[in-house]
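Notes follow the structure.
The values are calculated or read from the model by the stated rules, or taken from the named source; none is laboratory data. A quick note: this is a predicted structure, and the numbers were derived from the prediction, not measured. With ideal geometry, Cβ positions are generated from the backbone for all residues, glycine too; neighbour counts draw on all protein chains shown.
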Amino acid sequence: MASDSSSSGSSTSAFVSALIFYGIIGAILITVFSIFRPKERRVYEPKTMELAKSQKEQIPPRVPKGAWAWATFLYTKPQAFFLQYAGVDAYLFTRYIGIFAGISLIGCIILLPILLPVNATNGQNLSGFDLLAYSNVTPSGSNKQRYFAHAFLSWAFFGLIVFVIYKELVYYVSLRHSLQTTPMYDGLLSSRTLMLWDIPDKYDDVESVKSIFPLAQRIWFARDYKELTKLVKERTKLSNKYEGTLNKVIQKAVKYQKKLVKKGEKLPEEPQGYIQKEPTHKLGKIPFIGKKVNTIDYSIDRLGELNTEISEVQATPETGKQAPAVFIEFPNQLEAQRAYQAVPFASFKQRAIGVSPEDVVWSTLAYNKTQRLIRTILANTFLTLLIIFWAIPVAVVGCISNITFLTEKVPFLKFINNCPKVILGLITAILPTVALAILMSLVPVIIKAVGKQSGLTTRQQIENYCQSWYFGFQVVQVFLVVTLASSASSTVTAIIDEPDSAMTLLSQNLPKASNFYIAYFLMQGLMTPAKSLLQAVPLILSKVLGFLQNTPRKKWTKFNTLSTPQWGVVYPPIELLVVLFVVYAIISPILLIFSTFALALMYMAYLYLTTYVYGHPTIDMRGRNYPKALFQTFVGLYLAEICCLGLFIMSKSWGPVVLEAVMLVVTVLAHLYYRYKFERLFDAVPITAIQEARGDGNLYPSDMGNKEIKETGKNYWTENSDGSYTVTREKTDPAADSNSSKNETVVGAPDGPSKDLTQDDVNKTTDINTLEKQAKKSPGLVLKRFFSPKDGYNFSLIRSQLPAYFNLSTSYTSEFLDTAYNDPVISDEEPHIWIPRDPLGVSQYEIAKTEGKVDVSDINTTFDDKGKFDVTGPPPAYDGEVQI
């Protein structure tokens, strides 16, 4: 059996090695960031620049000068500042990190003063971090009474987390309803459009849908355009190839001209004379096999053919096979919400609201209910098997973290014992954590691809699907497998030698897996924030890899497009950190110091990144990842309580077993109650909330709309004697109808909406500077919000504290609305090829060569004296972005 001194020596050397290694790298990264941040505005403060895709209302103020001024500047800002400049989803993500960093800190204050002396004194005389862990308590005699301290403190700490989850769910619902009733969200087309899929066959035309939703203004049925989609994909792929080829030809021609001038040779009289070799490629799906063609000539002819074919199909959109899915636009959000809340009481089951056309996965709408069910089963089975088999390489990583224990029974590994302590520390602490990070980075891509194949109908669903499964991967692989592998590697040989002491050995060695996670938190705290802030790849690309932007479109897009986070991917790693510190808070409380440190640094890093670097994602999740993360935190509570329960059982301490079992039951009941109370409130908005926002008095219900939403849906229809339905009208409907005319007002350009912020709109909410002053003057509000969240986070108060930015209203033209929810392939435009205008006339020659078959333009481009092209404006036919 491996000795305790060997064990603790390994853990101590691993900790010291990890601290030094990650500390040095983190210090270097943050130093480089501090040096380059003031100099590289496009990399480190791109949102402060007026880019083509930026809204002026979302351009944050510049960061004050000073290496750490950004941290103090952001830390003092109110929530309104981040809601406006970072966005709702980003604000809630950083809030999640901040909330649990605070809980970890409170855990340090509550648990460490009691549990550390309880674990350390009069125990088994272990050393290193093991001395401070549960495993040091002797499970015999009067020492067994010490386990009551662990049990009662688990009540306090886990109970605090359960309450904080409740508080945050109250906050999210109030914030969501407040946002949804602002002019910005209230006026969006997606807010008043109901999406239904897997609809019964009897509702296959406009009249039948109108019979059950008589207030519908527009109805769009989804259609299956499989062949058209193939043609559009082919055209897009070929147009990209054609554009890239033309750009290469022109740039080579300019370089050739420079070369001729330098040599003093005669210049060609015609532009085509500068083209030394016509580009070619081979047709066919298999590379290097097929007919060889001139790339430019072939592209012109084939694109012309595709343009004609696609235009003919687009002219008759009704020819596409109708899919069992429909989009229904209502006069306003109030009527859309009433219909949405009524859907569960009708023969429609699958519903969504707040989904823009860009968020729809059009290819999956054609699936019927049976196909979707089969695909879902196959997808979930595949991911379950993937989790199981992914455990093999992850288990190897876990064993490496405790490699010294395995050398006792695996002879060929004994040479590791001869390694210097520094090398041994690197092997056991750094190699496993880095390998684990690489392994887990491959998972989200697979999950999203599987989610799409499973039949999910919106990108929001795919993000939520990814968040659920990726979190499952994280918990199983990074926690369960690594913990079991780490503890198994240190206990299997001991159990073989002393089988009668199996229970005692497991209770002693299971907490030792925390040594791996201490190193894991060190890596997350010292490296992850610094690495994220540095943004090494964008920094390098901005300096030395400009040659990758070899077309005007790539150069313009790169400069004007900000990197955006994928919330289904960024949440689970943070949730895992929360699970880890919750699980080990009682077993190895010393870990809370490192979790607090890591989460606090990550909180500050993400505050900066979401405010100044990350753009607003094209997918508006409306904060839905936040409650999912809160509910998934219960997994950490369950694992923590089950681990404590198991350890108490193995220690044969029956009093703490009963206490922990009671806490487990309370946690389950709280989880079920929260789901019942809050889940229906996430997407449904109480009608009274919309009415209150329109000035009809304080109508928001005390239960946040739980009862009202159910009653609204149940009472939506009145069945007539002839079998038809009449929608029950409410007293406030005339006001709602009058409001609908405002939403339908045609303002701005014919191809999209325009936005105007009037002084009346601004006066409806307080500006950020005023909110900042109010926040500093009301410290008592913090306590009120914690102990009485329904009062501290009431609808009227939260709504009054939103920034004026959310008073921007959106209007659409009737022309735009008529085709808004048609499959995008129906309106896919002919490609607009963009090439640089050269002084030799080659670009004009290539444009003339198309004979009008393809739209090629060299606007907003030029060449400098060095033969490098530059971009002076947007691409041809660029008309900005439309918010739907």
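Whether any residue in the stretch 290-303 is modelled with pLDDT under 95, more than 17 Å from Pro824 (Cα to Cα) and of a type in the set (Lys, Arg) is what I want to check. Yes - at least one qualifying residue is present in the stretch 290-303.
Looking only at the stretch 780-796, decide whether some residue is assigned to a loop (DSSP other than H, G, I, E, B) and of a type in the set (D, E, K, R). Checked against the condition, which is being assigned to a loop (DSSP other than H, G, I, E, B) and of a type in the set (D, E, K, R), the stretch 780-796 yields no hits at all.
Highlighted here are the helices (runs of 4 or more DSSP H) found entirely within the stretch 36-89 that include at least 3 residues which are among the hydrophobic types (A, V, I, L, M, F, W, C): 69-75, 79-85. For the stretch 80-100, does any single residue satisfy the condition of being more than 25 Å from Ile619 (Cα to Cα), modelled with pLDDT of 95 or more and not acidic (Asp, Glu)? Yes, the conditions are met somewhere in the stretch 80-100. For the stretch 113-169, filtering for residues that are assigned to a loop (DSSP other than H, G, I, E, B) and in contact with a His (Cβ under 9 Å, 6 or more places away or on another chain) leaves 1. For residues in the stretch 524-569 being hydroxyl-bearing (Ser, Thr, Tyr) and in a helix (DSSP H, G or I), which is modelled with the lowest pLDDT? That would be Ser542.
Being among the hydroxyl-bearing types (Ser, Thr, Tyr), out of contact with any helix residue (DSSP H, G or I) (no Cβ under 6 Å at 6 or more places or on another chain) and in a helix (DSSP H, G or I) is the filter here, so list the residues in the stretch 675-716 that pass it.
Of the residues in the stretch 675-716, the ones among the hydroxyl-bearing types (Ser, Thr, Tyr) are 676, 688, 700, 702, 712, 716.
Narrowing further to those that are out of contact with any helix residue (DSSP H, G or I) (no Cβ under 6 Å at 6 or more places or on another chain): 676, 688, 702.
Tyr676, Thr688, listed by residue number.
Scan the stretch 253-276 and tell me whether some residue there is surrounded by fewer than 18 Cβ atoms within 10 Å (Cβ to Cβ), among the hydrophobic types (A, V, I, L, M, F, W, C), under 43 Å from the mean Cα position of the chain (by Cα) and assigned by the TED database to the domain that holds Arg837. No, because not a single residue in the stretch 253-276 is surrounded by fewer than 18 Cβ atoms within 10 Å (Cβ to Cβ), among the hydrophobic types (A, V, I, L, M, F, W, C), under 43 Å from the mean Cα position of the chain (by Cα) and assigned by the TED database to the domain that holds Arg837.
Among the residues of the stretch 213-230, is any assigned to a helix (DSSP H, G or I), under 40 Å from the mean Cα position of the chain (by Cα) and crowded, with 19+ Cβ neighbours inside 10 Å?
So the first thing to find is which residues in the stretch 213-230 are assigned to a helix (DSSP H, G or I), and the list is 226-230.
Then keep just the ones that are under 40 Å from the mean Cα position of the chain (by Cα); that gives 226-230.
With the extra rule that they be crowded, with 19+ Cβ neighbours inside 10 Å, the set shrinks to 228.
Yes, the stretch 213-230 has at least one match.
The single condition from (1) within 21 Å of Ile642 (Cα to Cα); (2) modelled with pLDDT of 85 or more that Val482 fails is (2). Among the residues in the stretch 201-209, are any within 36 Å of the chain's Cα centre (by Cα) and crowded, with 18+ Cβ neighbours inside 10 Å? Taking every residue of the stretch 201-209 in turn, at least one turns out to be within 36 Å of the chain's Cα centre (by Cα) and crowded, with 18+ Cβ neighbours inside 10 Å.
If we keep just the residues of the stretch 448-458 that are surrounded by fewer than 24 Cβ atoms within 10 Å (Cβ to Cβ) and out of contact with any strand residue (DSSP E or B) (no Cβ under 8 Å at 6 or more places or on another chain), which is nearest to Gly568 (Cα to Cα)? I'd like the intermediate steps shown before the answer.
Taking the stretch 448-458 as the starting set, the residues that turn out to be surrounded by fewer than 24 Cβ atoms within 10 Å (Cβ to Cβ) are 448-450, 452-454, 456, 458.
Filter once more, keeping what is out of contact with any strand residue (DSSP E or B) (no Cβ under 8 Å at 6 or more places or on another chain): 448-450, 452-454, 456.
Values: Lys448: 9, Ala449: 13, Val450: 14, Lys452: 14, Gln453: 17, Ser454: 17, Leu456: 14 Å.
Here the answer is Lys448.
The rows are residues; the columns are (1) in a loop (DSSP other than H, G, I, E, B); (2) at pLDDT below 95; (3) surrounded by 16 or more Cβ atoms within 10 Å (Cβ to Cβ); (4) in the same structural domain as Leu238 (by the TED database).
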| site | (1), (2), (3), (4) |
| --- | --- |
| Tyr821 | yes, no, yes, no |
| Ile833 | no, no, yes, yes |
| Pro836 | yes, no, yes, yes |
| Glu851 | yes, yes, no, yes |
| Val856 | no, no, yes, yes |
| Asp865 | yes, yes, no, yes |
| Ala877 | yes, yes, no, no |
| Glu881 | yes, yes, no, no |
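Please go through the stretch 615-657 and give me each residue that is within 12 Å of the chain's Cα centre (by Cα) and crowded, with 19+ Cβ neighbours inside 10 Å, ordered by number.
Looking only at the stretch 615-657, we keep the residues that are within 12 Å of the chain's Cα centre (by Cα), and these are 616-626, 628-629.
His616, Ile619, Asp620, Met621, Arg622, Gly623, Arg624, Asn625, Tyr626, Lys628, Ala629 - these are the residues of the stretch 615-657 that are within 12 Å of the chain's Cα centre (by Cα) and crowded, with 19+ Cβ neighbours inside 10 Å.
The stretch 277-335 holds strands (runs of 3 or more DSSP E) entirely within its bounds, and those carrying 2 or more residues that are surrounded by 11 or more Cβ atoms within 10 Å (Cβ to Cβ), in contact with a strand residue (DSSP E or B) (Cβ under 8 Å, 6 or more places away or on another chain) and assigned by the TED database to the domain that holds Lys255 map to 280-282, 292-294.
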